[in-house]
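Here the structure comes first, spelled out in C-alpha cells, and everything after it is commentary.
The values are calculated or read from the model by the stated rules, or taken from the named source; none is laboratory data. Just so you know, these numbers come straight off a predicted model, no measurement behind them. Here the Cβ positions follow ideal geometry from the backbone for every residue, glycine too, while neighbour counts run over all protein chains shown.
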Amino acid sequence: MSLVPMSEKHRNAGLTGFSPTGPSQLLSHLPDKLPNGNSSTFQLRYNEADPSPIHLRFLVQRPTGVKHDYFVEVTFSGRDLATATSVFKRIAEDSQGWLSVAEIPGTTVKHTTDKSLVLPIPKPLVDGVRFVAQNATTYRLWQQPGATPYGGEGMIAYDTPSFSLYAHGAGELQVNVDFSLPAGIEIASGSAPQRKLISIDSSRSAGLRPDIVMEAPGVYVIRITYVGKSDETPSTWETACPLGAAMRFYSSSGR
C-alpha cells in the first residue's frame with residue numbers, strides 16, 4: 001500500500017492534503033509518494049497560544065479495477081499539537097459524481113507527536129474477508145471483467161478489483177464491497193443503498209438466485225441456484241479472489 005497526494009477531483013471537493021481549521025501554515029512540501037515502509041518529515045507553523053486542529057490527508061494509490069478510493073487522515077490537535085489521530089476513510093462516488101466519505105471501522109489510532117508517528121497496517125482493509133460461493137447449478141460460472149473461470153473461494157481486500165459472476169444464458173450477479181459498512185452480507189437490488197460490507201446485486205440475473213448460507217466474522221458464504229421460467233426447483237456453486245499483500249509504512253511529523 002502506497003500513499004500519494006489527494007487527486008484534483010478530491011481537492012475540488014474539499015478533501016485537500018493540508019487542511020487547517022485555524023491559523024497555521026505548512027512549511028514543507030507533502031511528498032509526491034510515500035511507499036510502504038518509507039517515511040517523510042513535515043514542518044508546521046501554528047498559533048501556540050491557541051492551536052487549532054490540522055488535518056493531513058494522503059490518498060491510497062488505487063490499483064486498476066478497484067471501485068472505491070481510500071485515504072488516511074491524520075489530525076493534529078491539543079496543546080502544542082501533541083496529539084495525532086489517524087484514521088482510514090472510504091470515498092464513494094455516485095452516478096451523478098457526488099462524493100461521500102465514511103470511516104473504516106477499526107482503523108482509528110491515537111498517537112503522540114513527541115516521536116515519529118507510525119501508521120499501523122489498516123488490518124480491516126488489508127486482511128479483507130473470505131468469500132465462498134457454492135455452485136449448485138449446471139452452469140459454469142465466469143468472472144467479469146476478464147471472462148475467466150471462477151474458482152471457488154478467496155479473499156476480498158481493499159485492492160481486489162470489482163467483479164461479477166456470470167453464466168452464459170443465466171445472467172450475472174454483481175459482487176459489491178464497501179469496507180466502511182457494518183460486517184455482513186446481503187442480497188439486494190443495485191438501485192437500493194448498500195447496507196452491509198458485501199452486497200450481491202441480482203438485478204441483472206436471468207435465473208441465477210443467490211442465497212446466504214453463512215455469516216461469520218470475516219467469512220461469508222452464499223449458494224447459487226438456478227430457477228428458470230418453467231423450473232421452480234432450485235439448482236448451487238463456489239468462488240475466489242486474491243488477498244492484497246500485507247503492508248507497512250511510516251510517516252514522521254515535525255514542527
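Residue-wise test of (1) closer than 19 Å to residue 41 by Cβ; (2) touching a helix residue (DSSP H, G or I) at 6+ places or on another chain (Cβ under 8 Å).
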{"residue": "71", "(1), (2)": "no, yes"}
{"residue": "74", "(1), (2)": "yes, no"}
{"residue": "96", "(1), (2)": "no, no"}
{"residue": "105", "(1), (2)": "no, yes"}
{"residue": "116", "(1), (2)": "yes, no"}
{"residue": "119", "(1), (2)": "yes, no"}
{"residue": "126", "(1), (2)": "no, no"}
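Scanning segment 226-240 for residues that are within 22 Å of residue 155 (Cα to Cα) and modelled with pLDDT of 90 or more yields nothing. For segment 92-101, the criterion of being at pLDDT 90 or above and surrounded by fewer than 16 Cβ atoms within 10 Å (Cβ to Cβ) is satisfied by at least one residue.
Restricting attention to segment 81-109, the residues that are among the β-branched types (Val, Ile, Thr) and in contact with an Asp or Glu (Cβ under 6 Å, 6 or more places away or on another chain) total 2.
Condition check ((1) β-branched (Val, Ile, Thr); (2) under 28 Å from residue 3 (Cβ atoms)) across all residues:
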| site | (1), (2) |
| --- | --- |
| 90 | no, yes |
| 138 | yes, no |
| 150 | no, no |
| 172 | no, no |
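Among residues of segment 59-91 being of a type in the set (Lys, Arg) and outside any strand (DSSP E or B), the one that is surrounded by the fewest Cβ atoms within 10 Å (Cβ to Cβ) is 79. In the set (1) modelled with pLDDT under 90; (2) surrounded by 16 or more Cβ atoms within 10 Å (Cβ to Cβ); (3) over 22 Å from residue 134 (Cβ atoms), residue 160 fails one condition alone, (3).
Could you tell me whether segment 59-73 includes any residue that is more than 30 Å from residue 192 (Cα to Cα) and in contact with a Lys or Arg (Cβ under 9 Å, 6 or more places away or on another chain)? The answer is no, given that none of the residues of segment 59-73 is more than 30 Å from residue 192 (Cα to Cα) and in contact with a Lys or Arg (Cβ under 9 Å, 6 or more places away or on another chain).
Of the residues making up segment 114-137, those that are touching a strand residue (DSSP E or B) at 6+ places or on another chain (Cβ under 7 Å) and either over 27 Å from residue 61 (Cβ atoms) or assigned to a strand (DSSP E or B) (or both) are 129, 130, 131, 132, 133, 134, 135, 136, 137. Going by what's in this entry, would residue 35 be described as in the same structural domain as residue 90 (by TED's automatic domain parsing) and either surrounded by 13 or more Cβ atoms within 10 Å (Cβ to Cβ) or under 23 Å from the mean Cα position of the chain (by Cα) (or both)? When the stated conditions are applied, residue 35 passes them. Considering 128, 78, the condition of being farther than 22 Å from residue 176 by Cα and either among the small types (Gly, Ala, Ser) or touching a Ser or Thr at 6+ places or on another chain (Cβ under 7 Å) (or both) is satisfied by 78 alone.
Here residue 107 does not fit the description of being in a strand (DSSP E or B) and either assigned by TED's automatic domain parsing to the domain that holds residue 30 or modelled with pLDDT under 90 (or both). The set of residues from segment 163-215 being aliphatic (A, V, I, L, M) and more than 24 Å from residue 68 (Cα to Cα) comprises 167, 170, 206, 208, 212, 213, 214.
Residue by residue, here is whether (1) at pLDDT below 90; (2) within 16 Å of residue 75 (Cα to Cα); (3) in contact with a Pro (Cβ under 7 Å, 6 or more places away or on another chain); (4) surrounded by fewer than 14 Cβ atoms within 10 Å (Cβ to Cβ) holds:
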{"site": "22", "(1), (2), (3), (4)": "yes, yes, no, yes"}
{"site": "30", "(1), (2), (3), (4)": "yes, yes, yes, no"}
{"site": "42", "(1), (2), (3), (4)": "yes, yes, no, no"}
{"site": "55", "(1), (2), (3), (4)": "no, yes, no, no"}
